[in-house]
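The values are calculated or read from the model by the stated rules, or taken from the named source; none is laboratory data. Please read all numbers here as calculations on a predicted model, not as lab measurements. A quick note on method: Cβ atoms are made from the backbone with ideal geometry, for glycine too, and the neighbour counts reach across all protein chains shown. Ligands, DNA and RNA are excluded from the accessible area calculation, which covers all protein heavy atoms including side chains. Shrake-Rupley method; radii C 1.70, N 1.55, O 1.52, S 1.80 Å.
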Amino acid sequence: MKHLIDPTDLSKQETDQIIKLAQDIIANREKYRDSLRYHKLATLFYEPSTRTRLSFTSAMMELGGNVLGFSDARNSSVSKGETVADTVRVVENFVDVIAMRHPLEGAPFVASTAAGIPIINAGDGSHAHPTQTLTDLLTIQRELGHIDGITIGFCGDLKFGRTVHSLIKALSRYEGIKVILIAPDELRLPDYIKHDVCDKQGIDYREVRTIEEVMPELDVLYMTRVQRERFLDEEEFERVKDSFVLDNAKMALAKEKMCVLHPLPRVNEIKPEVDSDPRAAYFRQVGNGKFVRMALIYSLLQWKDDPSHTMPEHQGRFEDPELRCHNSKCISNHEAVRPLFHRTEDGDIRCVYCDSKVK
Ligand code: NCD
């Protein structure tokens, strides 16, 4: 069975297949109207969300299916101390597929090990957000006509921004991608992504200090919000919160054919004056999110019993009760889960739940 916990759980071919299907859905909406009639999706959201949850809901409804779930874990048995694994074992009796958002990293992975139905990660802590990645890929494809060969600038909170981590991972499988990282020192991309993804996959990347110096070479500018809720230190947040703001003066330096993406919500990192620029694609991106989630849910249910669509093999994975993950936001430090680790090619040991380095 196929779950979507990390963007690389889908092969490049499966990713492209979903993007293509989303484009077919956009072109032939009638054709898919009743395709998941009598099917149900549960949205288990343990963390605030507007567009992601509504977009899953709308996607399932547009396929003719139904949706149930919670958007505030305080109103569910979780507040009585139920584990993620138990909640999923209960909910799978009621639905065909589950989308889960959780503040603890690795929670959707735990769900996938407990469930007999497909699990979709709708965002876990600062870790991953693979359905936003599919949204971003579809948007780039539709705005520019191609994904291979783009130069993409990521701006803002590259440390805590899970959408950035997931998109870089996914882009590492396309040809000729150039990544430019635009962030203050405090919000730089985590080393594990630089080393494991960029260096190993041969992504050409560099770090710069200002938007202006790279604007003319960008095909995509990916803006992000500074993730206040993930800072452990309020003073540090205050220092960096207004680091980079996109306005019309900076847009004037950009190519005529380029696009500005943002997973939203924006706070003040894009001035409203930019919204009317035809290259501002962030509200179109939201619409693409619905179509790509339709394609994803449809595909996961179709692939459920197909042995050619299974989870990728994870080489180097092992269990060791003596080891512990040091990440306080990792589910392995909150719930009793198997002590699973992963040895990388360089000999590093990483937590399977949150990817952070253990040794
Ligand atoms: C993002 C998220 O939740 O990670 N938003 C989203 O899914 N649309 C980005 C954010 O919260 O800043």
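Take Ser112 and tell me if it is open to solvent by 10 Å² or more (accessible area, probe 1.4 Å), modelled with pLDDT of 95 or more and not hydrophobic (A, V, I, L, M, F, W, C). Please lay out each step first, then the result.
Working: open to solvent by 10 Å² or more (accessible area, probe 1.4 Å): yes; modelled with pLDDT of 95 or more: yes; not hydrophobic (A, V, I, L, M, F, W, C): yes.
So Ser112 fits the description; yes.
Phe56 fulfils the conditions (1) assigned to a loop (DSSP other than H, G, I, E, B); (2) aromatic (Phe, Trp, Tyr); (3) in contact with a helix residue (DSSP H, G or I) (Cβ under 9 Å, 6 or more places away or on another chain) except for a single criterion, (1). Contact map, region 202-229: residues that are at positive phi paired with residues that are loosely packed, with under 14 Cβ neighbours inside 10 Å and modelled with pLDDT under 90, Cβ distance under 9 Å, separation 6+ or inter-chain. No pairs are found.
Is it fair to say Arg188 is open to solvent by 50 Å² or more (accessible area, probe 1.4 Å), away from the ligand (no atom under 16 Å from the Cβ) and within 19 Å of Arg230 (Cα to Cα)? It is true that Arg188 is open to solvent by 50 Å² or more (accessible area, probe 1.4 Å), away from the ligand (no atom under 16 Å from the Cβ) and within 19 Å of Arg230 (Cα to Cα).
Which of the residues that make up region 8-51 are within 16 Å of the ligand (Cβ to nearest atom) and either surrounded by fewer than 18 Cβ atoms within 10 Å (Cβ to Cβ) or part of a loop (DSSP other than H, G, I, E, B) (or both)?
Start the filter on region 8-51 by keeping residues that are within 16 Å of the ligand (Cβ to nearest atom), which leaves 43-51.
Across region 8-51, the qualifying residues are Tyr46, Glu47, Pro48, Ser49, Thr50, Arg51.
The criterion of at least 3 residues that are in the same structural domain as Ile18 (by TED's automatic domain parsing) and open to solvent by less than 40 Å² (accessible area, probe 1.4 Å) is met, among helices (runs of 4 or more DSSP H) falling completely within region 224-311, by 282-303. Looking across region 338-359, the residues that are assigned to a loop (DSSP other than H, G, I, E, B), farther than 16 Å from Lys194 by Cα and in contact with a Phe, Trp or Tyr (Cβ under 7 Å, 6 or more places away or on another chain) come down to Val352, Tyr353, Val358.
Table: residues versus (1) touching a strand residue (DSSP E or B) at 6+ places or on another chain (Cβ under 6 Å); (2) more than 21 Å from Leu264 (Cα to Cα); (3) not assigned by TED's automatic domain parsing to the domain that holds Leu171.
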| site | (1), (2), (3) |
| --- | --- |
| Glu30 | no, yes, yes |
| Lys40 | yes, yes, yes |
| Arg51 | no, no, yes |
| Thr57 | yes, no, yes |
| Ala73 | no, yes, yes |
| Gly81 | no, yes, yes |
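Looking only at region 52-75, filter to residues that are free of Cβ contacts under 8 Å to residues at least 12 places away in the same chain and more than 14 Å from the ligand (Cβ to nearest atom); which one of those is most open to solvent (accessible area, probe 1.4 Å)?
Step one: filter region 52-75 for residues free of Cβ contacts under 8 Å to residues at least 12 places away in the same chain, giving 54, 61, 74-75.
If we keep only those that are more than 14 Å from the ligand (Cβ to nearest atom) too, we end up with 61, 74-75.
Values: Met61: 122, Arg74: 180, Asn75: 131 Å².
Among those residues, the one meeting the criterion is Arg74.
Please determine whether any residue of region 76-84 is surrounded by fewer than 17 Cβ atoms within 10 Å (Cβ to Cβ), within 16 Å of the ligand (Cβ to nearest atom) and modelled with pLDDT under 95. So far as region 76-84 goes, no, none of its residues is surrounded by fewer than 17 Cβ atoms within 10 Å (Cβ to Cβ), within 16 Å of the ligand (Cβ to nearest atom) and modelled with pLDDT under 95. Within region 242-274, the set of residues being of a type in the set (Val, Ile, Thr) and more than 14 Å from the ligand (Cβ to nearest atom) comprises Val245, Val260, Val274.
One line per residue, one yes/no per condition, for (1) within 16 Å of the ligand (Cβ to nearest atom); (2) touching a strand residue (DSSP E or B) at 6+ places or on another chain (Cβ under 8 Å); (3) at pLDDT 95 or above; (4) open to solvent by 10 Å² or more (accessible area, probe 1.4 Å):
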site	(1), (2), (3), (4)
His146	no, no, yes, yes
Ala170	yes, no, yes, no
Leu181	no, yes, yes, no
Asp196	no, no, no, yes
Glu212	no, no, no, yes
